[in-house]
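Encoded as structure tokens, here's the structure I'll be asking about.
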Amino acid sequence: MLKFYHAPWSRSSSVLWLLEELGVDHELVEIDIRQEGGVPEEYRKIQPNKKVPAIEHDGIVITERAAITTYLADAFPDAGLAPQIGDPMRGPYLSMLVYCDSVFDPALAAHAQGWKYGGNNFSFGTFDDMVNYVDRILTERPYAAGDRFTAADVQLGSSIGYTMENLKALPERPSFLAYMERLRDRPANLRAAHKDQEMAMKTPFFQKQFASQG
């Protein structure tokens, strides 16, 4: 049995999209990361920082998006979302999965917070280097790892979509805009977005936000 610990409109939304791509039956456990008083301490047994996403598969807990994505795409190979060992795309695929977590996210967060630092000060380097690298990759090839869609595109696409379209923190490079057009109408992406919106509408935090805007 697969359990998926999720909060709508959060970093775990990409895993919701991945599960739709894989067509895997799962139990969704909603974690209200925005509730007053914070997430209960009991959840720390699943995720040490009380964050999402996390999964539990046959009694084994996996955290961190890159690990979860690698695990799920390998565990359910029929969907064809993970290049196999020996496939020339395997290296770029794994590299981009880890890059999204270890470079893209922290560099974007530091930029959004207005941090000023040298490229050698932090392991994730500078925001400009990250943007230029992703731009180069998506100019050279249509997808994150090569010429076909993989699970790495779920993570990279989610990251670009949220930070460019919602946060307005990522520049609208032509390669980013074209890439998002290739991903936007995937049926699994649309299904996940619909489910996420339905969950968000039932969450007290977002209900208050919607009420204040109404």
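The values are calculated or read from the model by the stated rules, or taken from the named source; none is laboratory data. Model, not experiment: these values are computed from the prediction. Positions of Cβ are backbone-derived with ideal geometry, glycine not excepted, and every protein chain shown enters the neighbour counts. Accessible surface is based on the protein model in full, side chains and every heavy atom, while ligands, DNA and RNA are left aside. Shrake-Rupley method; radii C 1.70, N 1.55, O 1.52, S 1.80 Å.
How big is the antiparallel share of DSSP beta bridges in the stretch 1-144, given as a percent to the nearest 5?
The antiparallel fraction comes to roughly 65 percent.
Provide M180, M1 ordered by accessible surface of protein heavy atoms (probe 1.4 Å), highest first.
M1, M180
Out of every Cα-Cα pair in the chain, what percent are more than 24 Å apart?
Working: 10178 of 22791 pairs.
In whole percent, the long-distance tail amounts to 45.
Using only DSSP helix segments of four residues or longer, with each worth -39500 (n - 2.57), what per-residue ellipticity at 222 nm results for the chain after dividing by its residue count and rounding to 500?
Values: 9 runs with 99 residues, N = 214.
Calculated at 222 nm, the ellipticity per residue is -14000 deg cm²/dmol.
Also: Let me cross-check F210: its accessible surface, 1.4 Å probe, with only protein heavy atoms counted, in Å² to the nearest 10?
The value for F210 is about 70 Å².
Using a 1.4 Å probe and counting only protein heavy atoms, arrange D78, D58 so the residue with the most accessible area comes first. Mind showing how you got there, number by number?
Numbers: D78 155, D58 110 Å².
These residues rank, largest area first, as D78, D58.
Under 10 Å, Cα contacts only: if you run a Gaussian network model on the chain, which one of L16, L156, L167 comes out with the highest mean-square fluctuation?
L167
Ranked from the most accessible area to the least, with a 1.4 Å probe and all protein chains present, what is the order of Y179, Y117?
Sorted by accessible area, descending: Y117, Y179.
Once the other residues with Cβ under 11 Å from the Cβ of Y162 are scored (Lys, Arg +1; Asp, Glu -1), what is the net sum?
That sum, taken over residues with Cβ under 11 Å, equals 0.
How much net charge surrounds G119 when only the other residues with a Cβ under 15 Å from the Cβ of G119 are counted, with Lys and Arg +1 and Asp and Glu -1?
Net of charged neighbours comes to -1.
Based on the alpha carbons, how large is the Rg to Rh ratio for the stretch 100-214 when Rh follows Kirkwood?
Here the Rg-to-Rh quotient is 1.02.
Leaving out ligands, DNA and RNA, and with a 1.4 Å probe, what % of the accessible surface on the chain is carbon or sulfur?
53
Can you give the accessible area of L28, probe radius 1.4 Å, in Å² rounded to 10?
60
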